[in-house]
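The values are calculated or read from the model by the stated rules, or taken from the named source; none is laboratory data. The shown structure was predicted, so the numbers you read here are calculated from the model rather than taken from an experiment. As a convention, Cβ positions derive from the backbone with ideal geometry for all residues, glycine included, and neighbour counts pool all protein chains shown. What goes into the accessible areas is simple: the full protein's heavy atoms, side chains included, and nothing from ligands, DNA or RNA. Shrake-Rupley method; radii C 1.70, N 1.55, O 1.52, S 1.80 Å.
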Amino acid sequence: MWFLTCFRRGLVMFAVRVSVLCYLLCMSSGSVEEENPEFWRSSAQNTLRSALSRKLNSNVAKNIVLFLGDGKMNILQPSTKCLRLKQDTTGEQGMGVTTITAARILKGQLQNRSGEETVMNMDTFPFVGLAKVYTVDFQIPDSAATATAYLCGVKTNLNTVGVSAAARNGVCRSQKGNEVTSILKWAKDAGKSVGIVTTTRVQHATPAASYAHSASRTWYSDADLPTSAVTGGCMDIASQLLRNTDIDVIIGGGRKYMTPKGFPDPEYPTDLKAQGQRKDNRNLINEWLSMKEGKVARYVWNKTDFDAVDPEKTDYLMALFEPGDLRFDVERDPSMDPSISETTEKAIRILKKNPKGFFLLVEGGRIDQGHHDSRASMALHEAVALDDAVARGLELTNEEETLTIVTADHSHAFTFNGYPFRGNSILGKSPIFAMDLLPYTTLMYGNGPGHKITNNKRPDIRNVDTTDKDYVQQAAVPLDSETHGGEDVALFARGPMAHLFQGVYEQNYIAHAMAFAACVGTNQEHCAATAEPDKTPFTSIDPGSSAPNTPFGAMTTVMLSITMSVLLH
């Protein structure tokens, strides 16, 4: 046994040396210019000059566009003995830092480049911060609690949306009196237009937190309400979509939660799972249209009708492209369903007609669904699609008046590991085998469905195409569905008051900073002062001073200097 162990270790060390030698002798992944120290010095100096020349944009944000990376999760349900995992098909965000890095490389490699040096659109944002994502009751969150934090400004409990932590998961009576409103409503109350764009169902956790109040994120339609919730007077999320806030643009999936039980789906008329689910026999789509009397309101469910919608002549748009969540971008039928870039563009073109501005939530909702299935390829392609939508949003808005934010609500048990050579496929394998003399992929999961051991061995993937969209990455711990991660998530900001998003902060701070920047919600004392000529709270501020750079301030500084000089002498 001792001999076999030493022999195996010797083989591994030999394989490592051969791999390194092959790299040194046969490969030069970097460009010739990267071998010159001046390349890196020049690059650093350019970045330094850019940082030194950066001016703070202290305008009031007329518009806010908030991009989120998101997907599906297992939901913790209360049990008589312990918490148990329940498989669900809701969206969950999952664009942690590892996902961003891997997506950046994939985006470059899809353009036939090495990938590591690629610059994502979100990478160009000048201000970056870290948000702490824990919930009031759990170290590691779900999208319901985190969406409530960054949209409503209040941290809450797992599985609840639009309510404070005084509400209990799944307990209807606990949500009464504990409802909290979101920045979407604050913006609407301020006269702005508001919209939601998602690649999941529009009733899912992230968009739901912007308009609904529910002790359970899973109460999509009245058919999902338990008896206690019905008798307690709680309302399903789909009904609240019509009732709580007048939303100008609603784009995503979720048709079956809007129509009566058995109502045939227009796209899949023979699919029983796609049929309407409502027990109250209400058709919320028709109700929504009737509520817009006197306005130009359009409902569409396919790309042809969607493309025919004229933003200049449309006041309201509801576009629901699937019975549930939309398809993954790599599986999307471009003739039936638009991309997230296309839906983002349509939403902005409709909303920007309002002279008072708009608030738009754009959710790349299936990044996380790929992660929960441990299909890294799916997750990363979704992240790339979201970054393309970010680019489209920037093209359609003015940085001087639009605050654009890109973030996630949580990360995943997702690792970027090994020692792959420069330019190695991000979905490929490490060139160095593990101690068991088997290869492993650069991207792996800490837990999930990819854990497979046969005869005390991992699967041999030497002849497996790990770049396939359906390949399931290996995992250390066996679970039906991979879990979220609990580390801080990055936030990228650009536009008016983007500098408010520097540093490390609680996730609920995001809603308050956005509201401050746009002068919506309760914190508006600084906004009223802008109209007074002697007060200029939004003028440029010296980074080394907390005082506004005003003539009065300068005069005060001079007088204090003279006074101190006299006293000291």
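Assess whether Ser216 counts as being assigned to a loop (DSSP other than H, G, I, E, B), of a type in the set (Gly, Ala, Ser), modelled with pLDDT of 95 or more and under 25 Å from the mean Cα position of the chain (by Cα).
Judged against the criteria, Ser216 is a match.
Can Ala208 be described as modelled with pLDDT of 95 or more, aliphatic (A, V, I, L, M) and more than 23 Å from the chain's Cα centre (by Cα)?
Taking the combined requirement at face value, the residue does not satisfy it.
Report, by residue number, each residue of segment 286-324 that is under 27 Å from the mean Cα position of the chain (by Cα) and within 25 Å of Asp224 (Cβ to Cβ).
Tyr299, Trp301, Met318, Ala319, Leu320, Phe321, Glu322, Pro323, Gly324
For a quick check of your reading: which helices (runs of 4 or more DSSP H) sit entirely within segment 90-201 and have at least 1 residues that are surrounded by fewer than 19 Cβ atoms within 10 Å (Cβ to Cβ)? Spell out how you get there, then give the answer.
Working: elements: 97-110, 143-152, 183-189.
Those helices (runs of 4 or more DSSP H) span 97-110, 183-189.
Test Leu479 against the criterion of being over 24 Å from Ile140 (Cβ atoms), open to solvent by less than 70 Å² (accessible area, probe 1.4 Å) and either touching a Leu at 6+ places or on another chain (Cβ under 9 Å) or modelled with pLDDT under 95 (or both), and give yes or no.
On the way: over 24 Å from Ile140 (Cβ atoms): no; open to solvent by less than 70 Å² (accessible area, probe 1.4 Å): yes; either touching a Leu at 6+ places or on another chain (Cβ under 9 Å) or modelled with pLDDT under 95 (or both): yes.
Answer is no for this residue.
Out of everything in segment 86-118 that is of a type outside the set (Gly, Ala, Ser) and under 30 Å from Lys273 (Cα atoms), what residue ends up being modelled with the highest pLDDT?
Here the answer is Met95.
Run down Arg201, Arg243, Arg173 and say which single residue is among the basic types (Lys, Arg) and without any contact (Cβ under 8 Å) to a residue 12 or more places away in the chain.
Arg243
Could you grab the pairs with beta carbons closer than 6 Å, sequence gap of 6+ or different chains, first residue in segment 326-347 and open to solvent by 10 Å² or more (accessible area, probe 1.4 Å), second one among the polar types (S, T, N, Q)?
Leu326/Thr199; Met336/Asn302; Ile340/Thr199
Mind listing just one residue for me: the one in segment 259-281 that is in contact with a strand residue (DSSP E or B) (Cβ under 7 Å, 6 or more places away or on another chain) and open to solvent by 80 Å² or more (accessible area, probe 1.4 Å) and, of those, nearest to Val230 (Cα to Cα)?
To start, the set of residues in segment 259-281 that are in contact with a strand residue (DSSP E or B) (Cβ under 7 Å, 6 or more places away or on another chain) comprises 259-261, 276, 278, 281.
Now drop any that are not open to solvent by 80 Å² or more (accessible area, probe 1.4 Å), which leaves 261, 281.
On the way: Lys261: 17, Asn281: 15 Å.
If we take residues in segment 259-281 being in contact with a strand residue (DSSP E or B) (Cβ under 7 Å, 6 or more places away or on another chain) and open to solvent by 80 Å² or more (accessible area, probe 1.4 Å), then Asn281 is nearest to Val230 (Cα to Cα).
Give the residues of segment 346-398 that are assigned to a loop (DSSP other than H, G, I, E, B) and either closer than 23 Å to Ala493 by Cβ or more than 15 Å from the chain's Cα centre (by Cα) (or both), sorted by residue number. I'd like the intermediate steps shown before the answer.
Going residue by residue through segment 346-398, those that are assigned to a loop (DSSP other than H, G, I, E, B) are 352-357, 365-366, 373-375, 397-398.
The answer is Lys352, Lys353, Asn354, Pro355, Lys356, Gly357, Gly365, Asp373, Ser374, Arg375, Thr397, Asn398.
Can you say whether Val230 is within 20 Å of Thr343 (Cβ to Cβ) and either hydrophobic (A, V, I, L, M, F, W, C) or assigned to a helix (DSSP H, G or I) (or both), as far as the supplied structure shows?
no
Inspect all residues belonging to segment 296-305 and state whether any of them is among the polar types (S, T, N, Q) and over 22 Å from Thr199 (Cα atoms).
Let us first name the residues in segment 296-305 that are among the polar types (S, T, N, Q), namely 302, 304.
Add one more test, that the residue is over 22 Å from Thr199 (Cα atoms), and what stays is none.
Within segment 296-305, not a single residue is among the polar types (S, T, N, Q) and over 22 Å from Thr199 (Cα atoms).
Do you know which residues across segment 439-459 are in a loop (DSSP other than H, G, I, E, B) and within 28 Å of Lys107 (Cα to Cα)?
Across segment 439-459, the qualifying residues are Pro439, Tyr440, Thr442, Pro449, Gly450, His451.
Return the total of residues in segment 496-509 being open to solvent by less than 50 Å² (accessible area, probe 1.4 Å), out of contact with any helix residue (DSSP H, G or I) (no Cβ under 9 Å at 6 or more places or on another chain) and either aliphatic (A, V, I, L, M) or not in a strand (DSSP E or B) (or both). Lay out the reasoning, then the answer.
Of all residues in segment 496-509, those open to solvent by less than 50 Å² (accessible area, probe 1.4 Å) come to 496-501, 503, 505, 507-508.
If we keep only those that are out of contact with any helix residue (DSSP H, G or I) (no Cβ under 9 Å at 6 or more places or on another chain) too, we end up with 499, 503.
Add one more test, that the residue is either aliphatic (A, V, I, L, M) or not in a strand (DSSP E or B) (or both), and what stays is 499.
Number satisfying all stated conditions: 1.
So in segment 239-285, with the set limited to residues that are of a type in the set (Lys, Arg) and outside any strand (DSSP E or B), which one is nearest to Ile340 (Cα to Cα)?
This residue is Arg255.
Looking only at segment 402-449, filter to residues that are crowded, with 19+ Cβ neighbours inside 10 Å and among the aromatic types (Phe, Trp, Tyr); which one of those is nearest to Ile348 (Cα to Cα)?
Per the criteria, the residue is Phe414.
If the requirement is being in contact with a Pro (Cβ under 7 Å, 6 or more places away or on another chain) and either among the aliphatic types (A, V, I, L, M) or surrounded by 23 or more Cβ atoms within 10 Å (Cβ to Cβ) (or both), which of these qualifies: Ala493, Ala517? Let's see the steps before the verdict.
On the way: Ala493 fails: in contact with a Pro (Cβ under 7 Å, 6 or more places away or on another chain).
Criteria check complete, one pass: Ala517.
Please work out if Lys452 is under 11 Å from Ala475 (Cβ atoms) and either loosely packed, with under 13 Cβ neighbours inside 10 Å or in contact with a strand residue (DSSP E or B) (Cβ under 9 Å, 6 or more places away or on another chain) (or both).
So Lys452 fits the description; yes.
Is it the case that segment 427-436 has a residue that's hydroxyl-bearing (Ser, Thr, Tyr) and touching a residue at least 40 places away in the same chain (Cβ under 8 Å)?
No, the conditions are met nowhere in segment 427-436.
Tally up the residues in segment 282-321 that are open to solvent by 60 Å² or more (accessible area, probe 1.4 Å) and either modelled with pLDDT under 95 or of a type in the set (A, V, I, L, M) (or both), please.
Residues in segment 282-321 being open to solvent by 60 Å² or more (accessible area, probe 1.4 Å) and either modelled with pLDDT under 95 or of a type in the set (A, V, I, L, M) (or both): 6 in total.
Could you tell me whether Lys81 is assigned to a loop (DSSP other than H, G, I, E, B) and at pLDDT below 65?
Against the criterion (assigned to a loop (DSSP other than H, G, I, E, B) and at pLDDT below 65), Lys81 qualifies.
For segment 322-352, give me each residue that is at pLDDT 95 or above and of a type in the set (Gly, Ala, Ser).
Matches in segment 322-352: Gly324, Ser339, Ser341, Ala347.
Provide a single number: the residues in segment 160-183 that are closer than 23 Å to Glu482 by Cβ and within 17 Å of the chain's Cα centre (by Cα).
Matching residues across segment 160-183 total 1.
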